[in-house]
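Engineer: What follows is a single structure, and I will ask about it in a moment.
Every number in this text was worked out from the coordinates using simple rules, so none of it is lab data. None of these values were measured; they are calculated from a predicted model.
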Amino acid sequence: MTITLRPAAPEDAIHIAELADIAGDGFPSAIWASTAEHGQTAIDVGAERAKRETGVFSYKHATIAECDGKIAGLAISYINGDTPEVISEQTHPMFRPMVMLENEALETRYVSMLSTYPIYRKTGVAHALLDREEQRPGPRGLSLITSDHNIAARKFLEQHGFHEAAVVPAIKINWDTPTKSWHLLRKP
């Protein structure tokens, strides 16, 4: 099996949305569903957002992994700024804990999404994607947020030298999940 990494393109939007939802254990769908219009699925909303040229959830920040020419995985990352993001009444309640953690990881390369389709797990795809991110850290290293119940992801990240830096309770609105907390992992 040959793994190839490439920059994402607008036509990858549906895969970006699907893989982001896998990475977020349904968190993205819960947010997207709240803005879906008649006839739209949550994934449709996510795909529209992924096609944008701007914003952190954009194909412009995404790397696609292909196995033998088929889309297998995704990483979305960007450098966090040096100023904390303000949490206001306009910040969706489910995002508030995430923003709190992101504010603890300023000037890092924040890997906001890292996932593979289930059939490509344990094939080296996630390793290839994370290796690429490790080659281009921010001034203060790398950061990533995962949930308390995603033990496999946490073990994988610890094998790559990440350590837990902060924990906050998750806020759940129309999101059926065993997640109780979000964990910020960092690598210098």
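Engineer: Counting only C-alpha contacts under 8 Å and six or more residues apart, can you give the relative contact order of the chain as a whole percent?
Structural biologist: 21
Engineer: Further question: Springs between alpha-carbon atoms under 10 Å, Gaussian network over the chain: tell me which of Glu37, Glu133, Glu158 tops the mean-square fluctuations.
Structural biologist: Comparing Glu37, Glu133, Glu158 in the GNM, the peak value goes to Glu37.
Engineer: Explain nothing, just compute: Karplus ³J(HN,Hα) = 6.51 cos²θ - 1.76 cosθ + 1.60, θ = phi - 60°, for every residue of the range 86-97 in order, whole Hz, x for Gly and Pro.
Structural biologist: Per-residue couplings from phi come out as 6, 9, 10, 4, 6, 6, 3, x, 5, 7, 4, x Hz.
Engineer: Considering only C-alpha atoms, what is the centroid distance from the range 116-142 to the range 36-92, in Å?
Structural biologist: Cα centres, the range 116-142 to the range 36-92: 17 Å.
Engineer: Divide by every residue of the chain the summed helix terms, -39500 (n - 2.57) for each DSSP H run of at least 4, and state the resulting mean residue ellipticity at 222 nm, rounded to the nearest 500 deg cm²/dmol.
Structural biologist: Taken over the chain, the calculation gives -8000 deg cm²/dmol.
Engineer: Please identify, among Ala166, Ala62, Ala13, the residue showing maximal mean-square fluctuation in a Gaussian network model of the chain using a 10 angstrom Cα cutoff.
Structural biologist: Highest fluctuation of the listed residues: Ala166.
Engineer: Excluding residues on the same chain fewer than 8 positions from Lys187, give the lysines whose Cα lies under 24 Å from its Cα.
Structural biologist: Filter leaves Lys60, Lys122, Lys155.
Engineer: At a Cα cut-off below 15 Å, give the aspartates and glutamates reachable from Lys172, other chains included and same-chain residues fewer than 8 away excluded.
Structural biologist: Partners within reach: Asp25, Asp148.
Engineer: Shifting gears a bit: Taking the chain as a Gaussian network, Cα atoms linked when under 10 Å apart, which of Asp21, Asp131, Asp44 shows the biggest mean-square fluctuation?
Structural biologist: Largest GNM mean-square fluctuation: Asp131.
Engineer: Whole-Å semi-axes of the range 3-187's equivalent ellipsoid, largest first, each the root of 5 times a Cα gyration tensor eigenvalue?
Structural biologist: Semi-axes from the Cα gyration tensor: 22, 21, 16 Å.
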